[in-house]
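Novice: Below are the structure tokens for one structure; questions will follow.
The values are calculated or read from the model by the stated rules, or taken from the named source; none is laboratory data. What you are looking at is a predicted structure, and each value in this text was computed from that prediction instead of being measured. With ideal geometry, Cβ positions are generated from the backbone for all residues, glycine too; neighbour counts draw on all protein chains shown. Note: areas computed on protein heavy atoms with side chains; ligands, DNA, RNA excluded. Shrake-Rupley method; radii C 1.70, N 1.55, O 1.52, S 1.80 Å.
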Amino acid sequence: MRPANFLRSQPGHGTCVVERDGQRLGVISLSGNLYLRAGRSAFTEIEAALGHVGKVDQILLDMHAEATSEKVAMGWHLDGRVTAVLGTHTHVPTADARVLPSGPPISPTSG
């Protein structure tokens, strides 16, 4: 996998669906835009990516971004629409993991 908001000409896929024991997990990878060079906005690309994974039981988003604030903003943007938002690429551990009102736990500091 590679971030869904990279250029379409770059190899790889930004989404996949894994099935096990009758459960379907949609996995989405996005790159942040602040201080990174993603090809398209993560906040518009997530809508297409959600449509691409289709009907699944759970959705996991890996938000690979430099700024914790961008990962937290994505969590709020997806509140109630995904199962979890995991932030990767953070260089310094922070204590801002949380569960949002409608559901998705966000952990901007993993990885």
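Novice: If you scan segment 1-59, which residues turn out to be open to solvent by 70 Å² or more (accessible area, probe 1.4 Å) and assigned to a strand (DSSP E or B)?
Specialist: Within segment 1-59, Val18, Glu19, Arg20, Gln23, Arg24, Gln58 meet the criteria.
Novice: I need a count of the residues in segment 88-111 that are closer than 21 Å to Asp57 by Cα and either at pLDDT 85 or above or in a strand (DSSP E or B) (or both).
Specialist: Matching residues across segment 88-111 total 4.
Novice: Out of the residues in segment 80-103 that are over 19 Å from Val17 (Cα atoms) and of a type in the set (Gly, Ala, Ser), which is surrounded by the most Cβ atoms within 10 Å (Cβ to Cβ)?
Specialist: Gly87
Novice: Kindly establish whether Met63 is within 12 Å of Pro3 (Cα to Cα) and touching a helix residue (DSSP H, G or I) at 6+ places or on another chain (Cβ under 9 Å).
Specialist: Criteria met by Met63.
Novice: Select from segment 8-37 the residues that are among the polar types (S, T, N, Q) and either out of contact with any helix residue (DSSP H, G or I) (no Cβ under 7 Å at 6 or more places or on another chain) or more than 18 Å from Leu61 (Cα to Cα) (or both) and list them in ascending order.
Specialist: Hits for segment 8-37 are Ser9, Gln10, Gln23, Ser29.
Novice: Do we find that Asp62 is farther than 23 Å from Gly80 by Cα and either buried (at least 19 other Cβ atoms within 10 Å of the Cβ) or at pLDDT 95 or above (or both) in this structure?
Specialist: No.
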